[in-house]
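Pasting a structure below so you can have a look.
No lab work stands behind these numbers, since they all come straight from the coordinates. Just so it is clear, the structure is predicted and the values come from calculations on it, not from any experiment. Cβ: placed from backbone, ideal geometry, glycine included. Neighbour counts: every protein chain shown.
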Amino acid sequence: MTTPSHNNRIWITIDGRSLQVPPDITIREAAALAGVEIPTICYHDALTPNAVCRICVVEWRGARTLVPACVARVADNAIIQTNSRRVRTARRTLLEMLASAVDLSQAPEIQAMMQEYDADPDRFGPEARRRETGGVKDDNPFYVRDYDKCILCWRCVQVCAEDVQHTFALGFNHRGFDTEIATFFNLGMKETTCVFCGNCVGVCPTGALKGKRLYELELRGDS
Amino acid sequence: MSYRPILTARIGKVDPTSLDDYVAHGGFQALKRALALGPDAIIDIVTQANVLGRGGAAFPAGIKWKAVSTEPGPKYVVANADESEPGTFKDRIIMEGDPFSLVEGVIIASYAVGAHQAYIYIRGEYPLAITRVQNAVDACYQAGMLGERILDRRYPLDIEVRRGAGAYICGEETALFESIEGKRGFPRIKPPFPTQVGLFGRPTLINNVETLINALPLVQHGPDWFRTMGPLDSPGPKLYCLSGRIRRPGLVEAPMGTTLYDLIYNYGGGVTGSGELGGVLLGGAAGTFVTADDLDVFMDFGSLREIDAALGSGVVIVFDTSVDMKAVLRRIARFFAHESCGKCYPCQLGTQRQLEIIERLAADRLRPGDLQLLSEVGQTMTDASICGLGQTAHSAIRTALKRFDFDPSTGHFARFGPPSGVQEALA
Amino acid sequence: MKDATHTLTPQQLAAVETVLARYQGKGRSALLPCLHEVQAITGWLDPEICAAIGQSLRVPLVQIHEVIEFYTLFYNRPVGRRIIRVCDDVPCYLAGSEAIIRACATRLRVDEGGGTTEDGAWTLEIHPCLGRCEQAPFLMIDDEGYGHVTPEQIADLLGGKP
Ligand SMILES: Cc1cc2nc3c(=O)[nH]c(=O)nc-3n(C[C@H](O)[C@H](O)[C@H](O)COP(=O)(O)O)c2cc1C
Ligand code: SF4
């Protein structure tokens with residue numbers, strides 16, 4: 001193994017601007033050096049990136065498909081476009097598909113992205129299936145789970161497992177569009193290995209996981 | 001059609017449950033030859049023969065064998081026998097009819113790349129294939145040809161047969177590794193590639209069943225012989241799976257690059273139903289539709305790529321003109337929505353939205369803008385999905401709309417079903 | 001939650017214990033083989049059985065749950081004692097799978113999309129391509145395959161009961 005040093009920097013081009021960057025950094029990191037911000041949804045600084053949301057995809061000249069900027073690493077002479085038509089179509093369609101399936105009312109960052117990309121989820125029509133999970137799960141004194149708001153970013157599962165806690169209370173139900181975050185046989189949180197550390201609530205980007213106090217305040221505010 | 005089958009020569013003649021009978025039919029001659037050649041020479045032969053992976057992705061086998069052979073151990077060999085692509089049944093027929101040949105192929109590959117542990121991952125819906133392959137492995141152990149030695153050479157090798165559990169995605173190589181590791185079949189991000197970081201995080205050679213059994217005649221007869229069959233850029237014998245509206249559905253072994261016409265009319269005996277060819281689905285649900293105008297195409301990887309089609313796993317599903325093409329597309333869309341693993345957004349959401357639009361198409365309820373929407377969903381899946389499932393989930397639908405004269409104003413495929421006047425009269 | 005452990009016979013329980021003893025400490029990579037073996041005895045996998053599997057293999061319970069949820073051949077709710085899987089993908093559709101499914105659903109009095117009979121004897125599933133396209137239309141009853149089936153054969157295949 002060689003440690004990256006300043007004398008083995010490589011040349012890349014991002015959005016028409018050429019610059020030298022250290023090898024082995026991700027496209028996302030390289031773009032930041034070029035002053036370009038790439039949108040992300042599932043990405044979290046403290047967690048293993050899984051590249052599931054694909055909002056960060058960019059166009060790499062010569063590549064067959066778009067590539068995810070959060071995990072793909074730059075290479076010498078890479079020519080990358082972070083905001084081409086092809087990229088924008090993918091991002092807009094992804095946001096439209098997501099918003100037509102999930103309640104994003106408490107996800108201001110994703111809402112801002114939808115503005116930026118002119119996303120119109122109503123294109124899929126009224127019969128577009130939504131993620132319906134049977135209402136808020138209020139089964140412990142510390143937090144509630146409202147999976148109609150869940151975008152399956154995986155962060156809660158990750159903090160509960162190897163990335164932080166090693167508690168393994170959370171996993172998945174089913175697969176494909178029907179995927180849901182789940183506990184063992186969908187038992188209430190108190191019947192699982194959960195230690196109520198609250199890490200999952202802390203990383204949830206959409207209000208699907210919420211502290212009990214806040215939830216109750218909101219309920220009172222609503223009525 | 002003077003071709004003599006090579007890969008399937010023993011099927012129907014050999015007793016698939018008997019090691020002795022396998023040996024009596026020339027079994028383990030290839031392994032004997034391989035042991036005499038040594039690992040480097042085997043890899044050279046596979047490389048020179050330019051064997052392209054038969055699982056669908058057409059990756060040169062020699063490059064993978066070489067790459068894994070130069071990695072430090074422990075490393076693994078995996079036979080991909082998950083075979084779940086609709087229309088594909090070739091690996092099953094090999095495993096049911098000549099299971100020892102797969103075991104021999106796995107031993108040769110393991111010896112060549114220096115692996116001491118191999119897995120054969122067979123889809124759960126193939127109970128007979130699982131029994132036969134397990135029996136073949138057991139018989140080899142009992143004969144002292146596995147474990148501490150292979151054939152009569154001291155070389156530790158264990159082979160474990162794994163049973164899948166109902167998930168098309170587990171045919172994707174990295175999802176298959178996850179499955180062997182006891183996890184949900186979520187594909188991994190590539191790179192790193194399996195040759196470096198594969199099963200249990202170790203260098204791994206993964207090949208399709210058909211790719212592996214090609215090694216047997218190859219080490220015996222050499223690369224020059226192999227290249228006398230098919231085009232130089234994708235040579236060798238090929239297993240084609242004929243099904244649908246065809247007189248003689250079944251497995252056909254023919255040289256790579258046999259024409260589509262030959263497969264349908266000579267091997268397959270021609271079109272049933274209306275008797276008139278409406279179209280052909282090549283490569284399965286993840287494949288591409290072609291029309292009667294494409295009958296002269298050579299059925300090899302390169303030739304098909306040139307006409308925006310794909311050989312995939314060798315699937316040829318035939319449609320006569322009376323078929324309800326919209327009902328066909330609905331099944332393809334349903335298949336992908338059912339089989340998406342759900343890991344990445346484009347495919348998790350896109351396969352569902354695609355299904356909804358195709359259901360409207362099938363019910364003659366397309367809305368204005370639906371076709372544009374479908375194309376954008378398709379492009380997003382193709383462009384942004386993690387793995388080949390999402391990347392090909394729109395391929396058959398796209399090529400059907402492109403090649404079968406779909407008329408958005410009537411919502412019908414001009415090439416299929418009763419003439420549109422009749423349909424209107426019935427409505 | 002229904003607890004199937006109580007409905008297992010002593011022989012079944014003993015058989016499960018024998019399997020689990022063999023898998024003791026084998027870890028996560030033995031999970032799928034273990035689930036296959038246990039389910040072959042018990043029909044489906046209930047929470048208690050899963051907890052015992054987790055303890056034997058030393059795998060967190062939620063990881064067992066999510067694996068069963070992912071794979072269509074594993075069941076974490078009761079299913080019929082026999083399972084009939086009918087393929088309805090393209091080659092089987094072209095050979096008339098719709099009529100086969102209708103015949104099965106009518107005979108078993110379950111939905112054409114699949115379901116379990118009231119007496120728990122049968123589960124009908126519409127299964128993705130079973131890889132027997134040259135024998136279309138094709139179905140499987142447990143581990144036994146039937147090719148070129150006709151709607152007329154269904155009554156026989158499903159046993160005498162109307
Ligand atoms: C969704 C999906 C399913 C696949 N299914 C199979 C399969 O059933 N059998 C197979 O050999 N390859 C399958 N593949 C291809 C494998 O990922 C891999 O390319 C192959 O096993 C490599 O072997 P080969 O080089 O010998 O073809 C699949 C790929 C994808 C994306
Ligand atoms: S493309 Fe589909 S199958 Fe592949 S990782 Fe993404 S969701 Fe899973």
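Amide H neighbours of A:LEU209 under 5 Å, counting only residues 5+ apart in sequence or on other chains, H built in-plane at 1.01 Å?
The list, which skips near neighbours in sequence, is A:ASP146.
Now for a different question. When the Cα centres of the range B:71-147 and the range B:185-230 are compared, how far apart do they sit, in Å?
13
Under a point-charge model restricted to the Cβ atoms of Lys and Arg (+1) and Asp and Glu (-1), what is the dipole moment magnitude of the protein assembly as shown relative to its Cα centre, in debye to the nearest 20?
1040
Rounded to whole Å and ordered largest first, report the semi-axes of the equivalent ellipsoid of the range A:109-197 derived from its Cα gyration tensor (root of 5λ).
Semi-axis lengths for the range A:109-197 are 28, 16, 12 Å.
Provide A:CYS150, A:CYS204, A:CYS56 in ascending order of the number of other Cβ atoms located within 10 Å of each residue's Cβ, fewest first.
A:CYS150, A:CYS204, A:CYS56
To continue, here is another question. How big is the dipole moment of chain C about its Cα centre under a simple scheme where the beta carbon of each Lys and Arg is +1, that of each Asp and Glu is -1, and everything else is neutral? Debye, nearest 20, please.
Approximately 400 debye in magnitude.
Please return the longest stretch of chain C lacking exposed loop sites, where GluC sites (Glu not before Pro) count only if DSSP places them in a loop and at most 15 other Cβ atoms lie within 10 Å.
On the way: sites that count: C:GLU112, C:GLU118.
Longest run free of exposed loop sites: C:1-111.
Taking a ≥ b ≥ c as the square roots of the Cα gyration tensor eigenvalues, with a/c under 1.5 meaning rounded and otherwise prolate when a/b beats b/c, else oblate, which class fits the protein assembly as shown?
In terms of gyration-tensor shape, rounded.
Continuing with the same structure: In degrees, nearest 10, range 0 to 90: what is the angle between the Cα axis of helix B:39-49 and the longest Cα principal axis of chain B?
30
How large, in Å, is the range B:237-320 by the Kirkwood hydrodynamic radius built from its alpha-carbon pairs?
Details: mean 1/r = 0.0823 Å⁻¹.
Radius from the Kirkwood sum: 12.1 Å.
Hey, got a sec? Which GluC sites (Glu not before Pro) in the range A:80-176 land in a DSSP loop and have at most 13 other Cβ atoms within 10 Å? Please report the intermediate quantities before stating the final value.
Numbers: sites: A:GLU96, A:GLU109, A:GLU116, A:GLU127, A:GLU132, A:GLU162; in loops: A:GLU127, A:GLU132, A:GLU162.
Answer in residue order: A:GLU127, A:GLU132, A:GLU162.
Under the rule of at least 5 residues apart or a separate chain, name every residue whose amide H is placed under 5 Å from the amide H of B:VAL78.
Long-range HN contacts for B:VAL78: B:TYR119, B:LEU205, B:ILE206, B:ASN207.
Show which aspartates and glutamates lie in cross-link reach of A:LYS190 when reach means a straight Cα distance below 17 angstrom and same-chain residues fewer than eight apart are skipped.
Hits, sequence-local ones excluded: A:ASP138, A:ASP139, A:ASP146.
Now, a different point. Between their Cα atoms, which of B:LYS90/B:LYS402; A:LYS149/A:LYS210; B:LYS32/B:LYS90 are more than 21 Å away from each other?
On the way: B:LYS90/B:LYS402 29 Å; A:LYS149/A:LYS210 11 Å; B:LYS32/B:LYS90 26 Å.
B:LYS90/B:LYS402; B:LYS32/B:LYS90, as the Cα separations exceed 21 Å there.
Moving to a separate point now. For chain A, with a Gaussian network of springs between Cα atoms less than 10 Å apart, report the residue from A:ASP45, A:ASP122, A:ASP15 with the top mean-square fluctuation.
A:ASP45
List every residue whose amide H lies under 5 Å from the amide H of B:LYS238, counting only residues 5 or more places away in sequence or on a different chain, with H placed 1.01 Å from N in the peptide plane.
Residues meeting the amide H criterion: B:ALA254, B:MET256.
To test your reading of the geometry: what angle, between 0 and 90 degrees and rounded to tens, separates the Cα axis of helix A:212-222 from the longest principal axis of chain A?
80
Loop only per DSSP, at most 12 neighbouring Cβ atoms within 10 Å: give me the trypsin sites (Lys or Arg not before Pro) in the range A:58-95, ordered by residue number.
Qualifying residues, ordered by number: A:ARG61, A:ARG64.
What list of ³J(HN,Hα) values in whole Hz, one per residue of the range C:103-113 in order, does the Karplus curve 6.51 cos²θ - 1.76 cosθ + 1.60 (θ = phi - 60°) give from phi, with Gly and Pro shown as x?
Karplus-based 3J(HN,Hα) across the range C:103-113 equals 4, 5, 5, 5, 4, 8, 6, 10, 5, 5, x Hz.
Residue by residue through the range A:180-185, which ³J(HN,Hα) values in whole Hz follow from phi under the Karplus form 6.51 cos²θ - 1.76 cosθ + 1.60 (θ = phi - 60°), with glycine and proline marked x?
Ordered by residue, 3J(HN,Hα) equals 9, 6, 8, 10, 3, 6 Hz.
Could I ask something else about it? Once you've got the GNM for chain B with C-alpha springs shorter than 10 Å, pick whichever of B:ASP294, B:ASP98, B:ASP82 has the biggest mean-square fluctuation.
In this elastic network of chain B, the residue with the biggest mean-square fluctuation among B:ASP294, B:ASP98, B:ASP82 is B:ASP294.
Percent of alpha carbon pairs in the range C:9-69 separated by more than 17 Å?
That fraction is 25 percent.
Does the range C:36-92 classify as rounded, prolate or oblate by the C-alpha gyration tensor (a ≥ b ≥ c root eigenvalues; a/c under 1.5 gives rounded; else a/b over b/c gives prolate, otherwise oblate)?
Values: a/c = 3.08, a/b = 1.94, b/c = 1.59.
Prolate.
Could you name the aspartates and glutamates whose alpha carbon sits less than 17 Å from that of B:LYS13, not counting residues in the same chain fewer than 8 places away?
Within the straight-line limit of under 17 Å, B:LYS13 reaches these aspartates and glutamates: B:ASP21, B:GLU96, B:ASP98, B:GLU253.
Could you give each residue of the range B:201-217 its phi-based ³J(HN,Hα) in whole Hz, using Karplus coefficients 6.51, -1.76, 1.60 with θ = phi - 60°, and x for Gly or Pro?
Rounded to whole hertz, the list is x, 10, x, 9, 9, 10, 9, 5, 3, 5, 4, 5, 6, 5, 5, 5, x.
To one decimal place, what Kirkwood hydrodynamic radius in Å is obtained for the range B:325-413 from all pairs of distinct Cα atoms?
Roughly 12.7 Å, rounded to one decimal.
Taking square-rooted eigenvalues a ≥ b ≥ c of the alpha carbon gyration tensor, is the range B:329-370 rounded, prolate or oblate, where a/c under 1.5 means rounded and, failing that, a/b exceeding b/c means prolate? Please list the in-between numbers first.
Working: a/c = 4.44, a/b = 1.75, b/c = 2.54.
Cα axes put the range B:329-370 in the oblate bin.
Moving to a separate point now. Among B:LEU102, B:LEU373, B:ALA310, which residue has its Cα furthest toward the positive end of the charge dipole of chain B, with +1 on Lys/Arg Cβ and -1 on Asp/Glu Cβ?
Farthest along the dipole direction, towards plus: B:LEU102.
If one takes the longest principal axis of the Cα atoms in chain A, at what angle in degrees, from 0 to 90 and to the nearest 10, does the Cα axis of helix A:85-99 lie?
On a 0 to 90 degree scale, this one is about 0.
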